Amino acid sequence: MRCSIQQWAGGRLWATWFGSNIQAERAPYHKDLFSVISTSADGGKTWKEVFVFDPSELLGGGASDPMLWKDPQGNIRFIGLRNIDFKGQDEFASSAWEFTMLDPENEHTEWTEPRLIGNKNLSVMKPLIFSDGTIMRSMDDFKFVGVPDKVRIRFLKEDVNGKPIFVSEFPVDNDAVFAEQMPIIRKDGSLFTFYRAKAGQKFAESFDGGKTWNLGGYYPMQFSINTKCILITLPSGKVLLVANDVQMKRENDKKIYYYTDENGKERELEKHKTPRTRMTAYLSDDDGKTFTHKMLLCDEGQISYPSATLSSDGSIYIVYDQGRDVIGQHTIFLSKITEEDILAGKLVNGESFLNNIVSRPSDHGGGRRAGDKL
């Protein structure tokens, strides 16, 4: 499902995710998958699915990892990842195509023609925007995941017209999986990012605008074990982290997933037995060195792949998916919160809410059902 959200300046919300009528992801070419674009004109209370990105008529192509983001000019762009099985004969079997909305306040907006932006999984994390209007896109060569000693985690820096400035890369880290790195700019101008690894989140830093990167190892606080998290610098200067608040330890060669409650006591996960739950919003007062404030958003089912957008009124809209292959789940949730809510550890703003439904196919006879063959 892997959802993404973006708000237009006029207030309309847009969300996207991938779906399938056969209830299977079918990586790496994602045959029979398509991406859905949905919109809300009432602050996320109700949603209407209005567009589908479906490349199936082009050599049986499939779609995966769609993304919405707002560029430096305030335009909303959609990136769709198109996948075609060329039997190893084409480096662009997976390719990212970017469209720009022409009228984001209109639920039936027209779009620009697509622009090919690359073949290195450019659609999982929103680009980093610099003060001069340049952007940096996160890239990852997924076909090398699990292949040792391969450089695969990269960044593409573009000027304001989309012209490449440079491509940089991480040093090889054989512990990295689907890296899903999302840098922020710290107050001193350096860059900081987490990236996904086998036993949790590692971090990296750049002190030259992203041209070179230093790997820092595993971050001291455990969260989002082998799954996606996001980092965003808020207008206040605080750093928002949205991640799975789950830790891991080994006992008798077995992984034990647990969390630490408000009294500092370790509690083993009983319901889900997976690190993909306890979606949590954290705040850092010190540029990501520590995250001392947090609020639990959702602990129902297998929760993963957060995405967020910031509203001009200070609200933070966050989406995440639930149970891609679990009967009765298959849900996209939306929470609307504020910094004050996170600082209090609970909802204190009267306009905030948790876990409104953006999409749940099972409410309409869809989703995975008993007897479905994956």
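The values are calculated or read from the model by the stated rules, or taken from the named source; none is laboratory data. Remember, it's a predicted structure, so these values are computed and weren't measured experimentally. Note that we place each Cβ from the backbone using ideal geometry, even for glycine, and neighbour counts take in every protein chain shown. Keep in mind that these areas ignore ligands, DNA and RNA; they rest on the heavy atoms of the full protein, side chains included. Shrake-Rupley method; radii C 1.70, N 1.55, O 1.52, S 1.80 Å.
Details
- Whole-number accessible area per residue in Å² for the stretch 213-304, which is evaluated in the context of all protein chains at 1.4 Å: 48 Å²
- The charge dipole of the chain, taken about its Cα centre with unit charges on the Cβ atoms of Lys, Arg (+1), Asp and Glu (-1) only, comes to about 880 debye.
- Ranked from largest to smallest solvent-accessible area, with a 1.4 Å probe on the protein heavy atoms, 270, 205 come out as 270, 205.
- Calculated diffusion of the stretch 63-164, Stokes-Einstein form, Kirkwood radius summed over Cα pairs, 20 °C and 1.002 mPa s, µm²/s: 146 µm²/s
- The shape of the stretch 244-289 can be summarised by an equivalent ellipsoid whose semi-axes, obtained from the alpha carbon gyration tensor, come to 23, 12, 11 Å from longest to shortest.
- Two-site FRET efficiency, residue 251 against residue 9, from Cβ-Cβ distance with R₀ of 45 Å, rounded to 0.05: 0.30
- Over the chain, DSSP H runs of length four or greater, each weighted -39,500 (n - 2.57), average out per residue to a 222 nm ellipticity of -500 deg cm²/dmol.
- Label corresponding to P(r) over Cα pairs in 20 Å bins from 0, in percent when calculated from the structure given, among (i) 23, 50, 25, 2; (ii) 27, 60, 13, 0; (iii) 29, 63, 8: (iii)
- The stretch 116-210 - Rg (one decimal) and Dmax (whole number), Cα, Å: 13.0, 39
- Of all accessible heavy-atom area on the chain, the percent that carbon and sulfur account for (1.4 Å): 49 percent
- Histogram of C-alpha separations across the stretch 308-366, 5 Å bin width, %: 4, 18, 23, 20, 12, 11, 9, 2
- The orientation-averaged projection of the convex hull spanning the C-alpha atoms of the stretch 233-358 amounts to 8.9 square nanometres.
- Divide the volume of the convex hull around the Cα atoms of the stretch 81-239 by the residue count and you get 154 Å³ per residue.
- Charge sum, other residues only, whose C-beta stays under 10 Å from residue 40's C-beta, Lys/Arg counted +1 and Asp/Glu -1: +1
- Rolling a 1.4 Å probe over the protein chains gives residue 163 an accessible area of about 130 Å².
- Top positive-direction residue, dipole computed over the chain with Cβ charges, set 342, 176, 138: 176
- The radius of gyration of the Cα set in the stretch 176-245, together with its Dmax, comes out at 11.8, 33 angstrom.
- Relative intensity, log₁₀ I(q)/I(0), of the stretch 1-140 from a Debye sum that treats every alpha carbon as a point, q = 0.17, 0.21 Å⁻¹: -0.92, -1.31
- Pair-distance profile P(r), taking every C-alpha pair of the stretch 145-277, with 10 angstrom steps and integer %: 11, 36, 33, 15, 4, 0
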